[in-house]
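A short write-up of the structure that comes next.
The values are calculated or read from the model by the stated rules, or taken from the named source; none is laboratory data. Predicted, not measured: the structure shown is a model, and the values here were computed from it. All Cβ positions, even for glycine, are placed from backbone atoms using ideal geometry, and neighbour counts span all protein chains on display.
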Amino acid sequence: MSQLIIFDWNRTLFDPDAQAVYPEASVLLGALKNNTIVLISRGVSSDPRLFLGRMGLIDVFSEIIVTKKKTTQLFRRIKIKNSATSFWVIGDKLDSEIACGNRAGFTTIRVRQGKFAETLPNTPDEQPCFEVGSLIGCIGILSS
């Protein structure tokens with residue numbers, strides 16, 4: 001099964017308060033290396049390429065997108081140009097990557113960590129398909 005997985009950068013893979021990639025990120029990305037993995041960053045606090053390069057993880061991503069705003073249209077464009085059989089979005093923010101992913105027809109996984117861990121969905125689009133307490137929890141969901 002071919003999977004396209006879009007990851008959010010800030011507060012999903014990267015902890016801006018510690019200025020470091022979450023420790024579980026390397027394990028998760030290693031487990032998913034045979035998939036098409038795209039990284040989306042809003043480009044406000046840090047360029048993900050610097051941190052990923054230092055950690056030897058930059059080659060895991062088929063594409064790294066730094067944008068001013070995450071939009072449903074952006075997610076749809078990524079989906080259209082990939083021939084995967086399943087499509088996933090992994091993020092922490094309900095009104096951003098989770099809502100965009102849902103509207104674009106992706107299966108969404110919310111990682112409940114950091115600043116937005118206790119935020120509740122305000123609309124049906126913000127309701128994730130799955131929720132996990134840490135990045136490691138994604139492995140079981142993505143391999144089922």
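At-a-glance table
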quantity	calculated
Any chance Asp59 is of a type in the set (Asp, Glu) and farther than 16 Å from Asp15 by Cα	yes
Region 131-142 - residue that is without any contact (Cβ under 8 Å) to a residue 60 or more places away in the chain and small (Gly, Ala, Ser) and, of those, surrounded by the most Cβ atoms within 10 Å (Cβ to Cβ)	Gly137
When residues of region 1-20 are limited to those that are part of a loop (DSSP other than H, G, I, E, B) and within 11 Å of the chain's Cα centre (by Cα), the one surrounded by the fewest Cβ atoms within 10 Å (Cβ to Cβ)	Arg11
Pick from region 81-102, criterion at pLDDT 95 or above and out of contact with any Asp or Glu (no Cβ under 8 Å at 6 or more places or on another chain), ranking: surrounded by the most Cβ atoms within 10 Å (Cβ to Cβ)	Gly101
Neighbours by Cβ (under 9 Å, 6+ apart or cross-chain): first from region 60-74, in contact (Cβ under 8 Å) with a residue 12 or more places away in the chain and assigned to a strand (DSSP E or B); second loosely packed, with under 13 Cβ neighbours inside 10 Å and not aromatic (Phe, Trp, Tyr)	none
Region 75-87, subset of a type in the set (Val, Ile, Thr) and in a helix (DSSP H, G or I), residue farthest from the chain's Cα centre (by Cα)	Ile80
Matching residues in region 21-52 - criterion: being at pLDDT 85 or above, loosely packed, with under 14 Cβ neighbours inside 10 Å and not in a loop (DSSP other than H, G, I, E, B)	Pro23, Val27, Gly30
Failed criterion for Glu118 (all others in (1) touching a helix residue (DSSP H, G or I) at 6+ places or on another chain (Cβ under 8 Å); (2) in a loop (DSSP other than H, G, I, E, B) hold)	(1)
Positions within region 103-130 being surrounded by fewer than 18 Cβ atoms within 10 Å (Cβ to Cβ) and either β-branched (Val, Ile, Thr) or under 18 Å from Leu142 (Cβ atoms) (or both), in sequence order	Gly105, Arg112, Gln113, Thr119, Thr123, Cys129, Phe130
